[in-house]
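Since the structure comes first, as structure tokens, the remarks are kept for the end.
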Amino acid sequence: MNERIPGAKYYDLTYIANKGGANPLMLPTENVFKEAMEKLKIRKTDTVVCYDNSGIFASPRVWWTMKVYGLHNAYVLNGGFPKWKKEKLPIEGGEETSETIQGKKTSDSFNYIQDPKKTLDLEMILKIIKLKKDKKISYQIIDARPESRFKGTADEPFKIYRKGHIPEALNIPFASLLNEDKTQYRTVSEIQKIVKAKCIDLNIPITSYCGSGVLACVMLLGLDEAGAKSLTLYDGSWAEFGSKDEANWDKISANLSDLCKL
């Protein structure tokens, strides 16, 4: 980082990830996340504020990852580094400084365990589609990609992906929750109006996806601020779903009995 907020540490999304997942940016395994937090000296009890260079882009993904692993005091700096610099607040450059952990270090300081109820896999998504079509479940799937990709009128970044969207999904582009220059969230009341106009009920469970699972977290944070009761991430997102052959879906979703995550 050439410039940063004083004392900030660099969280690399491309490194702190599950390289063996459906796409290269999927949530890290417990061992990878624990190793990264130990290196960054971030304990489960710490308060962490995430920000990025765009304002609101990758930082909600870091926030969500930390929530998944039980770091409950994680937040996102609304406006990020652009707003910080615009307000002429202190910045620093050069190499990151090493620091010692302040306060008492306990045996579970880095005991990060993934909460399985915060993410959905392909099999669970297919179960939800099946049950929604049969009108046996109230559940909402939000596609956070641009409308053109949702409708299949725009090309996907990688040609191996099919065009279109997950059946039963509704489209709310993540950028619609942000202000005009896309650096800050709209107000809570504005976000609530946007989701209500799309017939989204914040009291009913919601899962979100995008292309890679990163920008869906912008949606999740906005919905969380708006008062959503139950949120999950389909981490494989369109990178996984859009690369699968529909002919094999029945085999994947044959067992519809396990709905413990919903």
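Annotations for the structure displayed:
- Placing dummy labels 7 Å off each Cα toward the beta-carbon, the span from LEU89 to LEU170 is 3.4 nm.
- Expected 222 nm ellipticity per residue - DSSP helices of 4 or more, -39500 (n - 2.57), all of the chain, to 500: -8000 deg cm²/dmol
- For region 63-71, the Karplus equation 6.51 cos²θ - 1.76 cosθ + 1.60, evaluated at θ = phi - 60°, returns couplings of 4, 5, 4, 5, 4, 4, 9, x, 8 Hz by residue, with Gly and Pro reported as x.
- Spin-label pair ASP181-VAL32: with each label point 7 Å from Cα along the Cα-Cβ axis, the two points sit 3.4 nm from one another.
- Lysines with Cα under 16 Å of LYS196, excluding same-chain neighbours fewer than 8 positions away: LYS229
- Sorted largest first by accessible area at a 1.4 angstrom probe radius, with every protein chain in place, the residues ASP52, ASP108, ASP115 fall in the order ASP108, ASP115, ASP52.
- Each Cα pair under 8 Å and six or more residues apart adds its separation to the average, and for the chain the resulting relative contact order is 22 percent.
- Whole-Hz ³J(HN,Hα) from phi, Karplus 6.51 cos²θ - 1.76 cosθ + 1.60, for region 13-18, glycine and proline x: 4, 6, 9, 8, 8, 8
- Computed from backbone phi, the HN-Hα couplings of region 228-245 come to 4, 7, 9, 10, 9, 10, 8, 5, x, 6, 5, 4, 8, 4, x, 9, 8, 7 Hz, rounded to whole numbers (Karplus: 6.51 cos²θ - 1.76 cosθ + 1.60, θ = phi - 60°; Gly and Pro given as x).
- Solvent-accessible surface of the chain, averaged per residue with a 1.4 angstrom probe and all protein chains in place: 53 square angstrom.
- Other-chain or far-sequence residues with amide H under 5 Å of THR232's (modelled H): ILE206, THR207, SER208
- Listed values (1) 6, 25, 28, 21, 12, 6, 1, 0; (2) 7, 31, 31, 19, 10, 2, 0; (3) 7, 28, 35, 22, 7, 1 include one computed from this model; for P(r) over Cα pairs in 10 Å bins from 0, in percent that value carries the label (3).
- Cross-link reach list, lysines versus LYS41, counting only Cα pairs under 20 Å and skipping chain neighbours closer than eight places: LYS9, LYS67, LYS104, LYS105
- Ignoring lysines fewer than eight residues from LYS127 along the same chain, the ones with Cα atoms less than 16 angstrom from its Cα are LYS117, LYS135, LYS136, LYS244, LYS251, LYS261.
The values are calculated or read from the model by the stated rules, or taken from the named source; none is laboratory data. This is a predicted model, so every value here is computed, not measured. So basically every Cβ, Gly included, is an ideal-geometry build from the backbone, and we count neighbours across all protein chains shown. Heavy atoms of the whole protein, side chains included, go into the accessibility calculation; ligands, DNA and RNA do not. Shrake-Rupley method; radii C 1.70, N 1.55, O 1.52, S 1.80 Å.
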